[in-house]
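Bear in mind that the values in this text are calculations on the coordinates, not laboratory data. Remember, predicted model here, so these are calculated numbers, not experimental data. Using ideal geometry, Cβ is built from the backbone for each residue, glycine included, and neighbour counts are taken over all protein chains shown.
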Amino acid sequence: MAQHITRKELKKDEIRETLVHGADAVLSHQKVAGIILGIALVAGAAVVGWRFYSDRQTLKASAALEDAMKVFEARLRARGEPAEPGEVTYIEEKNKFGDAAKKFTDVARNYSRTRPGQVARYYLALCQEHIGRFEDAQKTLKELEEGGDEEFAALARFQLAEVYSRTGKAGEAVKLYRQLADKPSTFVPKALALLALADDLRKTSPQEAAKLYQQIKKDFPDSSVADEADKRLEALGGKS
């Protein structure tokens, strides 16, 4: 899905769980209707075959994704520090995310039509971002965005906005965050999009950022996002 705080923590702790659970789901069953019994039987057999193939592919993809996630979430240890038996660990972060990127690439390429394949493409972009391959991350996220799944497209836009923000394209980031706030989704709810938008506006438009933090507190009370908004508002000197 990562040791981050604030915006990244919300994204990778809350959304990651949704994605990983979603990776275990199989494709929705298709309904087939036929007028003539013979045609119906042939069509039915084809659908059963596709379902069987789809389910098997998804199970294989889920196992491959789980293997890749073990590397992505591997513990970083100090030189000379022993690892537990069977534990996947790394000394250097760049090596960890480099190896994870290779595994996610394989899952995304070999199981591109499955849910786990889409999840793998998202995590591939995160790995690329971690090791400073920002152009590759943008390319990967745009591929995910164009994949036809609206929920994953929204998630890709959210992460793409973060890449833009980190690479000095604040205007592009703000534009995407506004779009996501206007059209929220399961993976990128409105509160999260507003929080990210406010964070990017803190330097250029602190007054607008403060208003957005206040809006989050008002519209989404008693939520972790509201708590984060309150902290940021206090840092701006505008806590009420």
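Each of Ser112 and Arg77 was given a label point 7 Å from its Cα along the Cα-to-Cβ line. The distance between the two points is 3.8 nm.
Of the GluC sites (Glu not before Pro) found in segment 111-157, those that fall in a DSSP loop while having at most 15 other beta-carbon atoms within 10 Å are Glu146. Counting lysine pairs in segment 155-240 whose alpha carbons fall under 17 angstrom apart, excluding pairs fewer than 8 residues apart on the same chain, gives 16. Normalised by the residues of segment 155-240, what does the relative contact order come to in percent, with Cα pairs under 8 Å and at least six apart? That works out to 19 percent.
Rg over Rh for segment 166-229 works out to 0.96, using Cα positions for both radii and the Kirkwood form for Rh. Working note: Cα atoms of segment 106-226, range along each principal axis, descending, whole Å: 47, 29, 21.
Between Ala63 and Glu92, what length comes free when the chain is fully extended (0.36 nm per residue of separation minus the Cα-Cα distance, one decimal in nm)? So the chain would gain 7.9 nm between Ala63 and Glu92. The HN-Hα couplings worked out from phi for segment 80-93 by the Karplus form 6.51 cos²θ - 1.76 cosθ + 1.60 (θ = phi - 60°) are x, 7, x, 9, 5, x, x, 7, 8, 9, 9, 9, 10, 4 Hz, whole numbers, x standing for Gly and Pro.
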